[in-house]
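Read the structure below first, then the notes.
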Amino acid sequence: MLGSTVRTVRRVSSSSNHNVLLKDSILKRFNNTSTDSIFISKTNNFFSSSSSSSTTQINKNNETHLRNGECCTTTLAAHVLRNSKNNRQRQRGGGVVRHQQQQKKTTTTDREDKDRDAIELALDSVVKIFTVSSSPNYILPWQNKSQRESMGSGFVIPGRKIITNAHVVADHTFVLVRKHGSPTKYRAEVQAVGHECDLALLLVESQDFWEGMNFLELGDIPFLQQAVAVVGYPQGGDNISVTKGVVSRVEPTQYVHGATQLMAIQIDAAINPGNSGGPAIMANKVAGVAFQNLSGAENIGYIIPVPVIKHFLDGVEESGKYAGFCSLGLVCQPTENVQLRNHFKMLPEMTGVLVSKINPLSDAYKILKKDDIILTFDGVPIANDGTVPFRNRERITFDYLVSMKKPNETAVVKVLRDGKECEFSITLRPLQPLVPVHQFDKLPSYYIFAGLVFVPLTQPYLHEYGEDWYNTSPRRLCERALRELPKKAGEQLVVLSQVLMDDINAGYERLAELQVKKVNGVEIENLKHLCQIVETCSNESVRFDLDDERVIVLNYHLAKIASSKILKRHRIPSAKSNDLIDEQNSLEVELAC
């Protein structure tokens, strides 16, 4: 109806005597009150579709003239002609809008074409990984658990290497890879694994595998709401899968596999088992590596950002192996409370965090002190909540700046000590906890003497108590594993994990799961130290002092005889793990020289 009305106005305005005809028409209509209302109603309907302000003005004019008994045809005709002209301008404007919409549609189409090109590039870069693995049994450390098969994803990068997740190839015994659209699987070797950052690097020697493969380049950290496409081989099928999402958060996150806090990108694309190790594509570059999702939530996945990937790759390139992520070795407390800041003589313009605990193995232990206030790290001010500026009004914990340092690099730290500002240079290195949080790709250590099985305390050992290990494992061991710091390098907490029953150890079976403190009065440093003391014992008896003031005493010669019988009875190949045997052989070689 609107279009026909516009065309009618155009025909009247194009006539040479349109003003006369329009006047006559209006005069005739105003002579008949019934037709007056019809005309005004139609006129108002027309202009209400085009301009509400024009309608209001005409209504006011019409109401004024009708109320005064006058009929100003010239005024009304001028309004009609003026609005006819405005309508033609609006039509031309509408053409501009349509042109803009068409441009926007073209831009969207171009962007979709680029996305398709990027995905096509990824299809010739992403591989499916088949892993056969066998994890150690920490309760029976001389055995492995049953073999299992798993699948994941990976992608190729320059240098003929494949990036995937560490948990995809953890405890591997055999690894195969397959290209998209190919039925052939190729043997792959694991060059380096970084379990803290959940990344691994694979090598494939076959030349046939590399034919037609495209190498993906690493991009930058995407901004919020930027779109990414995750490419991989998730469960539910055998072929490649592409899911799209947007970036919803960028911040340090707990890496489940390595139990470390590193930068991660949260996206709303689905990341399912099998997606692990696949690339997240933004434009035609890699924005990250898919590695975990949030259980109990829908479409919340996480990808490892490019800075973490580059840190891993640079370390492997420089040293040939995984170098690790640096740490200051500090436990810090926020200073958001006003009274706390006043107590430590912080000026109103000062911000920082309070040092609560320092790892004795860190270089900071010799420089910083408890109750120091860390104000800046490499010139970057630290807020009272422990965060530093990051990109556009975003903030992250200052641990991110520490973790991105290369091993043996120095950092300048400004601290407030007793109301005075000081600057110190601290060398940063990766630090190992007293109780390891993981031990992938490594056989556990153990030593068996007279049926007493000694092992170093590790979190994987505690995990053998089940998914709820924090509540079901021995409370004292759990607390020490999570809170105690090492006093010197190489220190371990040695535990009597179990007692293989025999006449020699009868009555001691209830003393399992206790920490060993001393052997023959000597404090234990680690499992190797315990083994050396027992093996070189010259006393008639050997005494073990355990936690909770418990004591085990054995006749040394009878215990040695019983040990061989117990090992044979339980089909245990050796009383020592391979690492202890290798160390003993090395020691014997050194003594012989």
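The values are calculated or read from the model by the stated rules, or taken from the named source; none is laboratory data. Bear in mind the structure is a predicted one, so any value in this text is a computation, not a measurement. When we count neighbours, we look across all protein chains shown, and the Cβ atoms used for this are built from the backbone with ideal geometry, even at glycine. Just the protein is used for accessible areas: all its heavy atoms, side chains included, with ligands, DNA and RNA removed. Shrake-Rupley method; radii C 1.70, N 1.55, O 1.52, S 1.80 Å.
By a 1.4 Å probe calculation restricted to protein chains, Thr472 has an accessible surface near 70 Å², given to the nearest 10. For the range 260-360, the set of GluC sites (Glu not before Pro) satisfying both a DSSP loop assignment and a count of at most 16 other C-beta atoms within 10 Å is given as Glu298, Glu336, Glu349.
Per residue, the average separation of C-alpha pairs within less than 8 Å and at least 6 apart gives the range 211-306 a relative contact order of 30 percent. Segment Thr410..Thr536, full-extension length gain: 41.0 nm, with 0.36 nm per residue of separation and the alpha-carbon distance subtracted. The slack in the chain from Ala512 to Glu484, taken as 0.36 nm per residue of separation less the alpha-carbon distance, amounts to 8.0 nm.
When the residues Tyr255, Tyr138, Tyr508 are ordered by accessible surface, computed with a 1.4 Å probe over the protein chains alone, the sequence from largest down reads Tyr508, Tyr138, Tyr255.
Checking the cross-link filter: which aspartates and glutamates have an alpha carbon closer than 18 Å to that of Lys161, excluding same-chain neighbours under 8 positions apart? Within reach: Asp124, Glu189, Asp198, Glu205, Asp208, Glu211, Glu217, Asp314, Glu317, Glu318. Largest accessible area first, the listed residues Asp441, Asp363 line up as Asp441, Asp363 when surface is computed with a 1.4 Å probe on the assembled protein chains. On the basis of the beta-carbon distance and an R0 of 45 Å, Gln225 and Glu421 show a calculated FRET efficiency of 0.65. Given R0 = 30 Å, the distance between the Cβ atoms of Asp503 and Asp441 translates into a calculated FRET efficiency of 0.15.
Among residues other than Met501 with Cβ under 13 Å from its Cβ, the summed charge is 0 (Lys and Arg +1, Asp and Glu -1). Shown here for the range 322-397: trypsin sites (Lys or Arg not before Pro) in loop regions (DSSP other than H, G, I, E, B) with at most 16 other Cβ atoms within 10 Å, namely Lys345, Lys369, Lys370, Arg391, Arg393.
Mind grabbing the accessible area of Ile504 for me, 1.4 Å probe, Å², rounded to tens? Approximately 40 Å² for this residue. Model label points for Glu217 and Asp268, set 7 angstrom from Cα along the Cα-to-Cβ axis, are 3.1 nm apart. Quick one: Debye curve from the C-alpha atoms of the range 460-593, no solvent, what's log10 I(q)/I(0) at q = 0.10, 0.16, 0.20 Å⁻¹? Relative scattering, expressed as log10 I(q)/I(0), comes to -0.39, -1.02, -1.48.
Excluding residues on the same chain fewer than 8 positions from Lys568, give the aspartates and glutamates whose Cα lies under 20 Å from its Cα. Excluding near neighbours in sequence, the set is Asp502, Asp503, Glu509, Glu535. In this structure, the pairs whose alpha-carbon distance is over 25 Å, taken from Lys370/Lys414; Lys528/Lys560; Lys517/Lys576; Lys370/Lys528; Lys128/Lys285; Lys405/Lys442, are Lys370/Lys528; Lys405/Lys442.
What the Cβ-Cβ distance of Asn471 and Ser564 gives, at R0 = 35 Å and to the nearest 0.05, is a FRET efficiency of 0.35. Tell me the label-point distance for the pair Val256, Asn392, using the 7 Å Cα-to-Cβ offset, in nm and rounded to one decimal. Each label point is offset 7 Å from its Cα along the Cβ direction, giving 3.1 nm.
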